[in-house]
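Reading through the structure tokens given below for one structure.
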Amino acid sequence: QVQLVESGGGLVQTGGSLRLSCAASGRTFSSYFMGWFRQAPGKEREFVAARKWSGGSTYYADSVKGRFTISGDNAKNTVYLQMNSLKPEDTAVYYCAQSRVLYYTGRSSEYDYWGQGTQVTVSS
């Protein structure tokens, strides 16, 4: 079992920044991927970013490329999502998740451990 707890959400103005954290406990493995997803009201959950627990390549949705950065601290079992130049369309509940596959995927169905989510609201 893996437990994931997100934090760092809040209200920010357009152009502002936030850093989300995802603290993991339990059975984590360096070969799995950690992903960030988001879900806005009335919309489906969408992929935001991913990286392997052990580091290496990072992957981003086109909508956040160049503005968001995923990183991790293995010693703290924590993954971060640095969000800069925020836009109102970034408003959503953000979730972190651990994959159940050993390759990069942006499909939420291939992640089996999820946090409770943290709200990010960007005002215009």
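The values are calculated or read from the model by the stated rules, or taken from the named source; none is laboratory data. All of these numbers come straight from a predicted model, not from anything done at the bench. Positions of Cβ are backbone-derived with ideal geometry, glycine not excepted, and every protein chain shown enters the neighbour counts. Remember, those area values only see protein heavy atoms, side chains included, never the ligands or the DNA or RNA. Shrake-Rupley method; radii C 1.70, N 1.55, O 1.52, S 1.80 Å.
Straight distance only, please: which lysines reach the Cα of residue 52 with their own Cα at less than 26 Å, same-chain residues fewer than 8 apart left out?
65, 76
Could you please report the charge total around residue 107, scoring K, R as +1 and D, E as -1 over all other residues with beta-carbon less than 15 angstrom from its beta-carbon?
Within the 15 Å Cβ shell, the charges total -1.
Over the chain, what is the relative contact order in whole percent, taking alpha-carbon pairs under 8 Å and six or more residues apart? Let's see the in-between values first.
Values: 317 pairs, mean separation 43.6, N = 124.
Here the relative contact order equals 35 percent.
Provide the per-residue ³J(HN,Hα) series for region 29-36, in order, calculated from phi with Karplus coefficients 6.51, -1.76, 1.60 and θ = phi - 60°, each as a whole number of Hz, with x at glycine and proline positions.
Along region 29-36, the couplings run 10, 5, 7, 7, 9, 10, x, 10 Hz.
Work out, in µm²/s and without decimals, the Stokes-Einstein translational diffusion coefficient of region 1-48 at 25 °C, 0.890 mPa s, Rh from Kirkwood over C-alpha pairs.
187
Once the cut-off is 21 Å, how many percent of the Cα-Cα pairs in region 16-80 end up in the long-distance tail?
Of the Cα pairs, 25 percent sit more than 21 Å apart.
Return one whole number: the accessible area per residue of the chain in Å², for a 1.4 Å probe.
Each residue of the chain exposes 50 Å² on average to a 1.4 Å probe.
For the chain, take the alpha-carbon Rg, divide it by the Kirkwood Rh, and send me Rg/Rh. List each step's numbers first, then the result.
On the way: Rg = 13.3 Å, Rh = 14.2 Å.
When Rh is taken as the Kirkwood radius, the ratio is 0.94.
Express the Stokes-Einstein translational diffusion coefficient of region 79-124 in µm² s⁻¹, to the nearest whole number, given a Kirkwood radius over alpha-carbon pairs, 20 °C and a viscosity of 1.002 mPa s.
Details: Rh = 12.3 Å.
For these conditions, the coefficient is 175 µm²/s.
Less than 14 Å Cβ to Cβ from residue 80, Lys/Arg counted +1 and Asp/Glu -1: what total charge do the surrounding residues give?
+1
Rg (Å, one decimal) plus Dmax (Å, integer) for the alpha carbons of region 50-97?
That works out to 11.5, 34 Å for Rg and Dmax.
Residue by residue through region 60-67, what is 3J(HN,Hα) from phi via Karplus (6.51 cos²θ - 1.76 cosθ + 1.60, θ = phi - 60°)? Round to whole Hz and write x for glycine and proline.
Listing the rounded values in order: 9, 5, 4, 5, 10, 4, x, 10 Hz.
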